[in-house]
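Here is the structure we will look at, set down as structure tokens.
The values are calculated or read from the model by the stated rules, or taken from the named source; none is laboratory data. Note that this is a predicted model, so its numbers are computed, not measured. Reconstructed Cβ throughout: ideal geometry from the backbone, glycine too, with neighbour counts over all protein chains shown. Ligands, DNA and RNA are excluded from the accessible area calculation, which covers all protein heavy atoms including side chains. Shrake-Rupley method; radii C 1.70, N 1.55, O 1.52, S 1.80 Å.
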Amino acid sequence: MANNYYCPICRSNMNVGSSIVFSAKSPDNEKGLIFLDTELGNYAKKTHPEFKLQEGVEYKFYCPVCHAKLNKEENPNLVKVHMTDESGKKYEINISNIIGEHCTYKIQDKKAEAFGPDAERYSKYLDLPLEYRKYL
Ligand SMILES: [Zn+2]
């Protein structure tokens with residue numbers, strides 16, 4: 001059994017086959033489904049051909065089941081889901097909401113493991129205690 005992803009709000013499973021499914025919306029109100037790879041650090045993504053993702057643009061991400069917004073309140077550039085790995089360990093996973101920005105954080109007990117070529121970008125933010133993050 002591979003990594004299992006689920007919504008932090010309704011706890012519905014979000015992975016189907018080897019993809020995590022998000023509902024997403026661009027600032028121009030273009031909406032659609034995004035399929036991301038369940039392998040951490042793999043940035044392959046799929047959408048319907050009519051839902052064209054704009055590189056470098058910030059999207060809002062939603063749970064495809066309950067439609068809760070998954071961008072974090074304290075940093076909307078990070079999208080949050082929960083994951084359990086093969087051994088049943090639970091993690092918070094954060095990804096960037098910017099199309100083409102490739103970074104992933106696997107967080108447990110306040111420690112963040114980073115993946116992807118753009119991982120430096122939010123690492124400072126994630127290393128800080130929660131109460132200081134609002135000053136960044
Ligand atoms: Zn949900």
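Cross-link list K45/K106; K31/K124; K46/K110: which exceed 29 angstrom alpha carbon to alpha carbon?
Numbers: K45/K106 19 Å; K31/K124 31 Å; K46/K110 31 Å.
Exceeds cut-off: K31/K124; K46/K110.
If you keep only loop residues by DSSP, which trypsin sites (Lys or Arg not before Pro) in segment 1-109 have at most 12 other Cβ atoms within 10 Å of their Cβ? Please list the in-between numbers first.
Values: sites: R11, K25, K31, K45, K46, K52, K60, K69, K72, K80, K89, K90, K106; in loops: R11, K52, K72, K89.
Listed in order of number, the matching sites are R11, K52, K89.
Just flag the GluC sites (Glu not before Pro) in segment 75-104 sitting in loop per DSSP whose Cβ has no more than 12 other Cβ atoms within 10 Å.
Values: sites: E86, E92, E101; in loops: E86, E101.
Passing sites in segment 75-104 are E86.
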Show me the GluC sites (Glu not before Pro) within segment 14-70 that DSSP assigns to loop and that have at most 16 other Cβ atoms within 10 Å of their Cβ.
E30, E39, E50, E55
Accessible area per residue of segment 4-135 at 1.4 Å probe, in Å²?
58
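Give me the net charge of S23's neighbourhood, meaning all other residues with Cβ under 11 Å from the Cβ of S23; Lys, Arg count +1, Asp, Glu -1. Provide the component values of the computation, followed by the final result.
Working: positive: K25, K31, K60, K69; negative: none.
Here the count lands on +4.
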For segment 31-136 the translational diffusion coefficient, Stokes-Einstein from a Kirkwood Rh over Cα pairs at 25 °C and viscosity 0.890 mPa s, in µm²/s, is roughly 167
Taking protein heavy atoms only, a 1.4 Å probe, and rounding to whole percent, the accessible area of segment 4-135 owed to carbon and sulfur comes out at 49
